[in-house]
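*Asks:* Handing you this structure, nothing more for now.
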Amino acid sequence: MTPTPQSLSGLWPFIRPYRVQVACAGLFLVLAAGTTLAFPWALRTLIDQGLGEGASADVLATKFVELFLVAVALAIFSAARFYTVSWLGERITVDVKNKVYAHVLQQSPTFFETTQSAPCFKVGC
């Protein structure tokens, strides 16, 4: 049986309370992707305009500062994305565990007597 994205639909009730955090994680993902794309552009302008013939030291310094700012933005957005996604994963995992444990605790003692928790390797099981 091949897993499908629809099999994850059962997680929606656990994700729904964290809509703002999911939106922030998505925003940080887009910003990190954008700065990742901007980095080669900033490097290209540094090389083309800062190291070209007739370029002054001021132009080189300006282009280097631009490249550095793009690198700093990339670091900040990537760290924020990693933090929000990790935070979400931990919270959602805790919520799922609590729901499962609450369900298990509601079972009758008969359920635990008749349900095997491990496969039986004895003859006649």
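*Asks:* So, restricting to helices (runs of 4 or more DSSP H) that lie completely within the range 1-120, which ones have at least 3 residues that are surrounded by 10 or more Cβ atoms within 10 Å (Cβ to Cβ), modelled with pLDDT of 90 or more and among the polar types (S, T, N, Q)?
*Replies:* Answer list for the range 1-120: 19-45, 57-105.
*Asks:* Any residue in the range 82-107 that is in contact (Cβ under 8 Å) with a residue 24 or more places away in the chain sitting within a Cβ distance under 6 Å of a residue that is in a helix (DSSP H, G or I) and among the hydroxyl-bearing types (Ser, Thr, Tyr)? List the pairs, counting only those 6 or more apart or interchain.
*Replies:* Close Cβ pairs satisfying both conditions: Leu88/Tyr18.
*Asks:* Tally time: how many residues in the range 17-46 are under 17 Å from Val96 (Cα atoms) and out of contact with any helix residue (DSSP H, G or I) (no Cβ under 9 Å at 6 or more places or on another chain)?
*Replies:* Result for the range 17-46: 1.
The values are calculated or read from the model by the stated rules, or taken from the named source; none is laboratory data. Model, not experiment: these values are computed from the prediction. Don't worry about glycine lacking a Cβ; one is built from the backbone with ideal geometry, like all the others, and counts go over all protein chains shown.
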